[in-house]
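A short reminder: the numbers here are calculations on the coordinates, not readings from a lab. If you're wondering where the values come from, they're calculated on a predicted model, not measured in any experiment. Cβ: placed from backbone, ideal geometry, glycine included. Neighbour counts: every protein chain shown.
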Amino acid sequence: MSHSTNTFQKVQGLDLNALPKSLEFAQVESKLQGKWTEEKTYQYQEHDTRPVFAVDTPPPTVSGSLHVGHIFSYTQADILARYQRMKGKNVFYPMGWDDNGLPTERRVQNFFHIRCDASVPYEAGLDLPPILSTMTEKELEAKKIPQRSLSRKNFIEHCHKLTVEDEKLFKKLWSDIGLSVDWSLEYATIDENSRKIAQLSFLDLFAKREMVQVEAPTLWDTDFQTAGAQAELEDREIPGAFHDIEFQVEGGGTFTIATTRPELLPACVGITTHPDDARYKSLIGKFAVSPLFGVRIPIFASEVVNPEKGTGILMVCTFGDQTDVQWWREQKLNLRQIIGRDGRLQPITFGSELYPSSDAALANEHYQKVQGKTVKQAQKLMVELLQASGAMKNPPKPISHAVKYYEKGDRPVEIMTTRQWFVKLVDKKEKIIEYGSQVKWHPEFMYSRFKNWTENLSIDWCVSRQRFFGVSIPVWYALDANGAVDFSKPMLPSKEQLPVDPMSDCPKGFTESQRGQANGFIGEADVFDTWFTSSLTPQLGSQWELNPERHRKIFPMDIRPQSHEIIRTWAFYTIAKAMLHEEKIPWKHIMISGWVLDPDRKKMSKSKGNVVTPSQFIEEFGADAVRYWAGLARYGVDTAFDPGIMKIGRRLAMKLFNAGKFVLSNSAEAGEVTEPLDLAFLEKLKAQVGEAVKSFESYEPAQALMEMEKFFWSHFTDSYLELVKSRTWGEKTTADELRVKASAVHALRFGLKTFLKAFAPFLPYTTEEVWSYAFQTEGKSIHQCLYPNVAEFEVFKPGDALVFDAAIATLSAINQQKTLSKVSIARPVTLIRLKANPKSIESLMPALKDVQGATKTEKVEWEPLGSMALNEFSVVAIEYGPDQKA
RNA sequence: UGGCUCGUAGCUCAGUUGGUUAGAGCGCUACCUUGACAUGGUAGAGGUCGCCGGUUCGAAUCCAGUCGAGCCAACCA
């Protein structure tokens, strides 16, 4: 094998004076962003035959605020994508915007101070300014200005208007932080392609009978008046109270139940107790009579009842909680739905078939007091009524209990019976878990969160939402001769028709004039849960049935990066969908990033006011420095926000820039690497490269960064660079001087190249900048080069790493002595006497001249000592030359 | 109540399958302007690895327990 060929190009025409004196991040960032866009550096090559690496990027909810957490997780994904690109993969890295859904509507409502009212007529060209530009939130509140009602169409227009603006902000941030996204693959979950694919998904699931329409008790958010899914619930610990209410027993006797929801007394449909509870055993099978309303209610036994809790006997209402639903189903109880969709108690009449009463007049009088009130108001009034009647046995006992809220909702969820579309998932929990286990989780333990959630799933996925800004459910219903709706036979569009909006498009065989008419049709007004669309992000990217060739190429995708709080939604639904549609997993790997906590280790949240906005830190430290902070965190581990780490990242970028400039400042021609120290350095570097690749391959890029940084600092800038300075710089004339100089120049440049490439996924700006000074000879961006690999080093003769270790140990010993003597490191040494193990001395010999040069040492004497540890050099005596300064 | 994660220097964190004297950076202290970098360099102080047992020649690492922090879920009458 020939090691002698010098393949290294001469650094030509490099005018150091033309290079920037210092690294101006903002300038470099904006210059390189332009360059990358112009040169399409990160473009996915549709017809390329290279292996693909597809990233299932999380489409951010654009209605949310920008915070450092975004940068953190997206940068981690970008680092991985950049590494894969540098492995020669054809990287498919799109960016989507999750712009529809409740969070957006909520934001739009506040931003413009509007609400959607389907009964309001459309006003063409309506373009409202943000309310907050003319009035503060406080003024709005004080003046009690009502929200303006907009037609559905106007409302949706305003949603689009705002999300477009929000997306610009996100796009700016993603560009600034240097995400290597292919912007030609940008999409939104509300755009035409996404609507098409979401509706395709519906048709497929419908055909497979996994998508069903059911009228059943469903989780209901009374604020936004829509159904919700189990995944969107969250527990909140709130104060409540037990109320002891006395019921009469038909045929004599009384008992007392305890409830936290006395307002549901009119909705009471049963009484239950544990079958073995001696206190109440005799009541089972009898009927109770409710106070205030005189309704006859069956008493039944249930093993589920905990005799320890409350009074051991309780009322079953439609519906207080999930257990009520269970009892209602099992016991085939009546359905007394007293809470309306708006969260207020709806009109009912006692004395009717559903609400029989022993004293209907009195019952109605009581109910009149609470009718139309909110749950909270009704509770207060009901307690007063019960106290007045004497049925309230004790004063309310305050407790603190967990209550389910719709995510970000203001009022607890209610359960009410409505007609909704569901995806059947509860019956395939096992299978979903199995599919989830086929995906490689990083870190592995995150799989247990997925498993845990799936095992506990108890309600099918309700995907219909009674909202406006979302993907339409592609269904029409026929009206009969009387104009009544027949929900049992929905009419579906064909695949070719998609996307459809059933509120404006007609089903086949009908005309628009038949909408709402007898024997005509109506369109489904509901839209999909946003997760219904975003659980298809891999298919949105691959185009699924719309582009089978691309789908084959990139599905399943390679990796899904996401954070852990949406394992139960995004990861779960995506896995379930891929399974239902194609019996496949959606991606081979899933990488879970941790959270960014505030410096006190509290979760950052808007309400706590501890949210840190990212752009200020990009400005202060530079994008590379912020990326360094994100890149240093291990996956799945929550990280306290710490600008101190960014400072260190900035330092690394600076050092890279300066060291780069220094290495390139030597315009000598590189020659064959012959010197033992140079070869030893390359040997060490080679090992380090091997480690970095290993870390990346095992999804631990933080490890790669940390070790490479350490090596760069301790083995390159602080040592190798110093050791070869005297050999490489300054006047050289003899053939031998020129030869050893050329050897070092080659090693230096090769080393620099390697470091730049190794850091490129982490510090894309700095590395590209320095790269462009000298190495862009093939017109390629550093980000299109191959990541360093061990094989590259085969052009060099094997080196002896011990030479390098001995050299830096000696360098360090002499420097230490100078520090102890409180003299300058630059102070010449006329004579030094060192003691060391003979083996160490032997290792050092080939590099002795370099060490002498770096320490300005004229003469070295040795005391070989077999008892000394290897690689330990200690100064016995030292004589300094004159202080050059003086 | 169950599941998962974490507990290492003042701070932020490494520590790979158990193996010499437990590492890095920041911060702190002292010194040095040395040919790119003072946005730098050289050194120093600082830890009984949460606690208690066990396995082992040997434990920060493995096992059982315990305390503390966090997350997820169950219960929520």
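For chain A, take the longest principal axis of its alpha carbons; what is the angle in degrees between that and the long axis of helix A:360-370, to the nearest 10 within 0 to 90?
Roughly 30 degrees between the two axes.
If I fit a long axis through the Cα atoms of helix A:801-820 and take the longest principal axis of the Cα atoms of chain A, what angle between them do I get, 0 to 90°, rounded to 10?
The helix A:801-820 is inclined about 90 degrees to chain A.
When only DSSP loop residues count, what GluC sites (Glu not before Pro) in the stretch A:221-304 have their Cβ near at most 11 other Cβ atoms within 10 Å? Display every interim value, and only then the final one.
On the way: sites: A:232, A:234, A:237, A:246, A:250, A:263, A:303; in loops: A:250, A:303.
Qualifying residues, ordered by number: A:303.
Going by Cα centres, the stretch A:782-832 and the stretch A:739-761 are how many Å apart?
Cα centroid of the stretch A:782-832 versus Cα centroid of the stretch A:739-761: 14 Å apart.
Can you pull out the GluC sites (Glu not before Pro) in the stretch A:553-591 that DSSP calls coil and that have at most 13 other Cβ atoms within 10 Å?
A:583
With θ set to phi - 60°, apply the Karplus curve 6.51 cos²θ - 1.76 cosθ + 1.60 along the stretch A:646-653 and write out the HN-Hα couplings as whole Hz, x wherever there is a Gly or Pro.
5, 4, 5, x, 4, 4, 5, 4
If each residue's Cβ is checked for other Cβ atoms within 10 Å, how do A:348, A:575 rank with the fewest at the top?
On the way: A:348 17, A:575 26.
Listed from fewest to most nearby Cβ atoms, that is A:348, A:575.
Taking the Cβ-Cβ separation of residue A:139 and residue A:238 as r and a Förster radius of 22 Å, what is the calculated FRET efficiency to the nearest 0.05?
On the way: r = 30 Å, r/R0 = 1.37.
E between residue A:139 and residue A:238, to the nearest 0.05, is 0.15.
Report, ordered by chain and residue number, the aspartates and glutamates lying within cross-link reach of residue A:440, taken as a straight Cα distance under 15 Å and ignoring same-chain residues fewer than 8 apart.
Cα-Cα hits under 15 Å: A:56, A:558, A:697, A:700.
To the nearest 20 Debye, how big is the dipole of chain A about its Cα centre, given +1 on the beta carbon of each Lys and Arg and -1 on that of each Asp and Glu? It would help to have the intermediate numbers written out before the result.
Details: 106 positive and 113 negative charges, 170 e Å.
With Lys and Arg at +1 and Asp and Glu at -1, about 820 debye.
Under the definition of Cα pairs under 8 Å and six or more residues apart, what whole-number percent is the relative contact order of chain A? Write down the numbers at each step before the final one.
Working: 1636 pairs, mean separation 126.4, N = 886.
Once divided by the residue count of chain A, the mean separation gives 14 percent.
I need the shape label for the stretch A:755-886. Rule: rounded when a/c is under 1.5, else prolate if a/b > b/c, else oblate, with a, b, c from the alpha carbon gyration tensor. Present the calculation step by step, with values, prior to reporting the outcome.
Values: a/c = 3.18, a/b = 1.84, b/c = 1.73.
It is prolate, given that a/c is not under 1.5 and a/b is the larger ratio.
Can I get the semi-axes of chain A's equivalent ellipsoid? Compute them from the C-alpha gyration tensor as square roots of 5 times the eigenvalues, in angstrom, largest first.
Numbers: eigenvalues 984, 205, 117 Å².
With the √(5λ) rule applied to chain A, the semi-axes are 70, 32, 24 Å.
What aspartates and glutamates does residue A:849 reach when the alpha-carbon gap must be under 14 Å and sequence neighbours fewer than 8 apart in one chain are set aside?
Cross-link targets: A:675, A:678, A:722, A:736, A:737, A:858, A:861.
Note the angle between two axes, namely the Cα long axis of helix A:102-112 and the longest principal axis of the Cα atoms of chain A, as a number of degrees from 0 to 90, rounded to the nearest 10.
90 degrees
Label the stretch A:315-382 by shape, choosing from rounded, prolate and oblate, from the square roots a ≥ b ≥ c of the eigenvalues of the Cα gyration tensor; if a/c is under 1.5 it is rounded, and otherwise prolate applies when a/b is larger than b/c, oblate when it is not. Spell out each step's value before the answer.
Values: a/c = 2.16, a/b = 1.24, b/c = 1.75.
Verdict is oblate for the stretch A:315-382.
Translational D (Stokes-Einstein, µm²/s) of the stretch A:507-629 at 4 °C and 1.567 mPa s when Rh comes from the Kirkwood sum over C-alpha pairs? Walk me through the numbers before you get to the answer.
Numbers: Rh = 18.7 Å.
For the chosen part, D equals 69 µm²/s.
In the structure shown, do any of A:208/A:332; A:725/A:839; A:196/A:508; A:31/A:732; A:21/A:859 have a Cα-Cα gap over 28 Å, and if so which? Kindly include the intermediate steps, with their values, before the conclusion.
Values: A:208/A:332 30 Å; A:725/A:839 26 Å; A:196/A:508 18 Å; A:31/A:732 39 Å; A:21/A:859 37 Å.
Listed pairs above 28 Å: A:208/A:332; A:31/A:732; A:21/A:859.
Go through A:170, A:547, A:315 and say which Cα lies farthest out towards the positive end of the charge dipole of chain A; charges sit on Cβ, +1 for Lys and Arg, -1 for Asp and Glu.
Projecting each Cα onto the dipole axis, the largest value belongs to A:170.
Tabulate in residue order the Karplus-calculated ³J(HN,Hα) for the stretch A:164-169, using 6.51 cos²θ - 1.76 cosθ + 1.60 with θ = phi - 60°, rounded to whole Hz; enter x for Gly and Pro.
Calculated HN-Hα couplings, in order: 4, 5, 4, 5, 4, 4 Hz.
If you keep only loop residues by DSSP, which trypsin sites (Lys or Arg not before Pro) in the stretch A:257-331 have at most 12 other Cβ atoms within 10 Å of their Cβ? Intermediate results must be reported in sequence, preceding the final value.
Values: sites: A:279, A:281, A:286, A:296, A:309, A:329; in loops: A:279, A:286, A:309.
Taking the stretch A:257-331 and a limit of 12 other Cβ atoms within 10 Å, the loop trypsin sites (Lys or Arg not before Pro) found are A:309.
Is it possible to state the helix-based mean residue ellipticity at 222 nm for chain A, with each DSSP H run of 4+ residues giving -39500 (n - 2.57), the sum divided by total residues, to the nearest 500 deg cm²/dmol? What is it?
Working: 26 runs with 328 residues, N = 886.
Helix contribution divided over all residues of chain A: -11500 deg cm²/dmol.
By the gyration tensor of its Cα atoms, with a ≥ b ≥ c the square roots of the eigenvalues, what is the shape of the stretch A:637-692: rounded for a/c under 1.5, prolate for a/b over b/c, or oblate?
It is oblate, given that a/c is not under 1.5 and a/b is not larger than b/c.
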